Amino acid sequence: LGGNETVEFPIKFTPKYAGCYHCQILLKSSCDIRVYEVECVVNAEQADAQLEFLTPAYQKVTQEIPISNVSSEDWRFEAILEGQCFHGPPVINVPVGETVQYPLTFKPVAEC
């Protein structure tokens, strides 16, 4: 090929699970060798979830939220809680193949 010509090289990738997938593509000719590193990150389908907390004023209630890591790498999450009266750990680690409970606590300071 000349200096400005390109060739399309279609790749079909059909992952079965969420995770991080690595691939090397080696292209060889009589005068050139090229190695391309490809990394694909696959997220699980997004699901809407709703939690309802019912508790008397000034009493807390905690809901354990399971986070399952079915990928091939450990996960580290930073939690950002929005809304008054909600509390939980700012960081949670989920090792490969494990499920960790995230304790989300609601502690109302008044009737609401």
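Between GLU98 and PHE9, the C-beta separation translates, for a Förster distance of 25 Å, into a calculated FRET efficiency of about 0.10. Above 17 angstrom, tally the Cα pairs of the chain and express them as a % of all pairs, no decimals. Roughly 71 percent, rounded to a whole number. Ignoring the sites themselves, the chain has its longest run without GluC sites (Glu not before Pro) in a DSSP loop having at most 13 other Cβ atoms within 10 Å at 9-44.
Considering only DSSP states other than H, G, I, E and B, which trypsin sites (Lys or Arg not before Pro) in segment 1-103 qualify as loop sites with at most 15 other Cβ atoms within 10 Å?
On the way: sites: LYS12, LYS16, LYS28, ARG34, LYS60, ARG76; in loops: LYS12, LYS16, LYS60.
Within segment 1-103, the qualifying trypsin sites (Lys or Arg not before Pro) (loop, at most 15 other Cβ atoms within 10 Å) are LYS12, LYS16, LYS60.
When the chain is treated as a GNM with alpha-carbon contacts under 10 Å, the residue of THR14, THR99, THR62 showing the greatest mean-square fluctuation is THR14.
Among the chymotrypsin sites (Phe, Trp or Tyr not before Pro) in segment 3-112, those placed in a DSSP loop whose Cβ has at most 16 other Cβ atoms within 10 Å are PHE13, TYR17, PHE53, TYR58. For segment 61-106, the share of accessible area belonging to carbon and sulfur comes to 54 percent (1.4 Å probe, ligands and nucleic acids excluded). Annotation: lysines with alpha-carbon distance below 17 angstrom to LYS107 (same-chain offsets under eight excluded): LYS60. Comparing ALA57, ALA18, ALA79, which has the greatest mean-square fluctuation in the GNM of the chain with Cα pairs linked when under 10 Å apart? Fluctuation is largest for ALA57. Kirkwood analysis of the Cα pair distances in segment 61-106 returns a hydrodynamic radius of 11.3 Å.
The values are calculated or read from the model by the stated rules, or taken from the named source; none is laboratory data. These numbers come from a predicted model, not from an experiment. A quick note on method: Cβ atoms are made from the backbone with ideal geometry, for glycine too, and the neighbour counts reach across all protein chains shown. Ligands, DNA and RNA are stripped out before the accessible areas are found, and what is left, the full protein with its side chains, is counted by its heavy atoms. Shrake-Rupley method; radii C 1.70, N 1.55, O 1.52, S 1.80 Å.
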